[in-house]
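**Student:** I'd like to ask you about the structure that follows.
We did not get these values from a lab; they are worked out from the coordinates using the rules stated. Everything numeric here is computed off the predicted structure, so don't read it as measured data. All Cβ positions, even for glycine, are placed from backbone atoms using ideal geometry, and neighbour counts span all protein chains on display.
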Amino acid sequence: TAPRTVLLTGAAGAVGTMMRELLPPYGHELRLLDVNPVPGAPDAVRADLADRAALREAARGVDAIVHLAGISLEADFEKILAVNIAGTHHLYEAAREEGVRRVVFASSNHAVGFTRRPREGEPPVPVGTPHRPDTFYGLSKCFGEDLAQLYWDRHGIETVSLRIGSCTPEPTSARMLSTWLSPADCARLVHASLTAQDVAHTVVYGSSANTRAWWDLSAARALGYAPEDDAEAYAEKILAEQGPLVEGSPDDLYVGGQFCADAPRWPH
Ligand code: NAI
Ligand code: 15L
């Protein structure tokens, strides 16, 4: 597939930092954007999602946008409203004004966080399951998915919304044996989302090929995603150190886990 110029928002963040390393080998040329400085990238655009002119300039001439920027945990509604809701709207407006035809949107499992996690022998959670946000954060991801649908139906901008599980270098909890998305699989998924034909607005789950997976990966696989990692490789160590999911705990009951109780909060 042809190399594509891609605007990567949230480039200074945890996932952005990993994607900066892992996407260029697929042939994608990255333009980086973040409100914070991006270490080692003096050319990165430093801009806030509130700055519509800066977003428009950053989107000029790119083939696609990978939109990771935003508040990635729970926060006061006003902050979520400004950054994740209005900010994502500004980003799509910039895409529309500059003629960018494809967005990969970092949604989250917390858009459906209050969904019961499947028990052994039960089918995985399908992408069509109703939105059940577990936080204002999760609610902002529901909004982002609907915004993506609107911009497809009204403006012909295609989006793949990735309901990411837990993207970290290694799984570190019993829950993550089910929710882990390895960095390498994340890059595979983003690459597939950038290059698949005729995606319209497609929602997919983002996890590795975990033995204990909760989510149906068939929509992601239909885009060409072929995950190679499995959190099970870490199961023995994690279970020996921490034990299994505690029966009746949020991590045991709901796919959103702890976000359904006292959700971790955005620092600022
Ligand atoms: P992060 O919090 O490490 O990175 C987010 C980045 O967005 C930061 O570098 C931050 O400076 C930037 N940002 C925040 N507000 C901004 C604004 N107003 N203007 C411009 N940039 C702004 O989050 P992480 O873990 O890298 O996640 C990336 C995306 O993926 C987020 O949208 C998050 O909600 C989503 N996601 C991540 C998951 C994970 O496992 N890491 C799971 C599910 C979704
Ligand atoms: C998310 O949406 C968060 O951004 C990330 O920090 C993790 O908490 C992840 O979900 C998860 O559910 O593990």
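**Student:** Subtract the Cα-Cα distance of Asp51 and Glu241 from 0.36 nm times their separation in residues, and report this length gain in nm to one decimal.
**Tutor:** Working: separation 190, 0.36 × 190 = 68.40 nm, distance 4.59 nm.
Using 0.36 nm per residue and subtracting the Cα-Cα distance, I get 63.8 nm.
**Student:** If you don't mind, there's one more thing I want to ask. Please go through the stretch 104-157 and write out the trypsin sites (Lys or Arg not before Pro) that DSSP classes as loop and that have at most 14 other C-beta atoms within 10 Å. Intermediate results must be reported in sequence, preceding the final value.
**Tutor:** On the way: sites: Arg116, Arg119, Lys141, Arg154; in loops: Arg119.
Loop-located and lightly packed - Arg119.
**Student:** I would also like to ask the following. I'd like the trypsin sites (Lys or Arg not before Pro) in the stretch 51-97 restricted to DSSP loop residues with at most 16 other Cβ atoms within 10 Å, sorted by number.
**Tutor:** Working: sites: Arg52, Arg56, Arg60, Lys79, Arg96; in loops: Arg60.
Counting only loop positions with at most 16 other Cβ atoms within 10 Å, the trypsin sites (Lys or Arg not before Pro) in the stretch 51-97 are Arg60.
**Student:** How large is the charge dipole for the chain, taken about the Cα centre, if only the Cβ atoms of Lys, Arg (+1) and Asp, Glu (-1) carry charge, to the nearest 20 debye?
**Tutor:** Dipole magnitude for the chain comes out near 480 debye.
**Student:** Could you tell me which GluC sites (Glu not before Pro) in the stretch 160-268 are loop residues by DSSP with no more than 16 other beta carbons within 10 angstrom of their beta carbon? Working shown, then result.
**Tutor:** Values: sites: Glu228, Glu232, Glu236, Glu241, Glu247; in loops: Glu228, Glu247.
Filter output for the stretch 160-268: Glu228, Glu247.
**Student:** Please give the contour-minus-distance gain from Glu21 to Arg116: 0.36 nm per residue of separation, less the Cα-Cα distance, rounded to one decimal in nm.
**Tutor:** Values: separation 95, 0.36 × 95 = 34.20 nm, distance 3.51 nm.
Additional length available on full extension: 30.7 nm.
**Student:** Cα convex hull of the stretch 1-115: mean projected area in nm², to one decimal?
**Tutor:** Values: hull surface 31.2 nm².
So the mean shadow area of the Cα hull is 7.8 nm².
**Student:** Given H placed 1.01 Å from N in the peptide plane, which residues other than close sequence neighbours of Ser166 have an amide H under 5 Å from its amide H?
**Tutor:** Sorted by chain and number, the residues that satisfy this are Trp180, Leu181.
**Student:** For Ala41 and Glu170, what is the calculated FRET efficiency with R₀ set at 25 Å and r taken between the beta-carbons, to the nearest 0.05? Write down the numbers at each step before the final one.
**Tutor:** Numbers: r = 25 Å, r/R0 = 1.00.
Given R0 = 25 Å and the Cβ-Cβ separation, E is 0.50.
**Student:** Still on this model: Could you give me the ³J(HN,Hα) list for the stretch 228-238, computed from phi with Karplus coefficients 6.51, -1.76, 1.60 and θ = phi - 60°, whole Hz, x at Gly and Pro?
**Tutor:** 10, 9, 8, 4, 4, 4, 9, 4, 4, 4, 5
**Student:** In degrees from 0 to 90, rounded to the nearest 10, what is the angle of the helix 136-155 Cα long axis to the longest principal axis of the chain?
**Tutor:** 50
**Student:** Then there's this: Name the long-range amide H neighbours of Leu30: under 5 Å, sequence gap of 5 or more, or other chain; modelled H, no Pro or chain starts.
**Tutor:** Val6
**Student:** Using 7 Å Cα-to-Cβ label points, what is the His131/Ala222 separation (nm, one decimal)?
**Tutor:** A separation of 2.1 nm, rounded to one decimal place.
**Student:** Okay, next question. Helix 87-98 versus the longest principal axis of the chain: what is the Cα-based angle in degrees, 0 to 90, to the nearest 10?
**Tutor:** Once rounded, one gets 40 degrees.
**Student:** If you take the square roots of the eigenvalues of the alpha-carbon gyration tensor of the chain and sort them as a ≥ b ≥ c, do you get rounded (a/c under 1.5), prolate (a/b over b/c) or oblate?
**Tutor:** Numbers: a/c = 1.61, a/b = 1.48, b/c = 1.08.
It is prolate, given that a/c is not under 1.5 and a/b is the larger ratio.
**Student:** Let me make sure I get this right: for the stretch 201-262, a, b and c are the square roots of the gyration tensor eigenvalues over alpha carbons, sorted descending. Under 1.5 in a/c it's rounded, otherwise prolate if a/b > b/c, else oblate. Which is it? Before the final figure, lay out the partial values.
**Tutor:** Details: a/c = 3.46, a/b = 1.44, b/c = 2.40.
Since a/c reaches 1.5 but b/c is at least a/b, the shape of the stretch 201-262 is classed as oblate.
**Student:** Using +1 at the C-beta of Lys and Arg and -1 at the C-beta of Asp and Glu, which of Ala233, Val190, Ile65 has the Cα lying farthest in the positive direction of the dipole of the chain?
**Tutor:** Going by the Cα projections, it comes out as Ile65.
**Student:** Now for a separate question. Enumerate the amide H contacts of Val103 below 5 Å, restricted to partners 5 or more residues apart or on another chain; note that Pro and chain-start residues carry no placed amide H.
**Tutor:** Long-range HN contacts for Val103: Ile65, Glu158, Thr159, Val160.
**Student:** Of Thr159, Thr129, Thr168, which has the largest mean-square fluctuation in a 10 Å C-alpha GNM of the chain?
**Tutor:** Of the options given, Thr129 has the highest mean-square fluctuation.
**Student:** At 0.36 nm per residue, minus the direct Cα-Cα distance, what do Glu232 and Leu150 gain on full extension? Give it in nm, one decimal, please. Don't skip to the answer; put the middle values down first.
**Tutor:** Numbers: separation 82, 0.36 × 82 = 29.52 nm, distance 3.81 nm.
Result: 25.7 nm gained on full extension.
**Student:** Just to be sure I understand: with springs between alpha-carbon atoms less than 10 Å apart, which residue in Leu253, Leu181, Leu139 has the highest mean-square fluctuation in the Gaussian network model of the chain?
**Tutor:** Judging by the Gaussian network model, the answer is Leu253.
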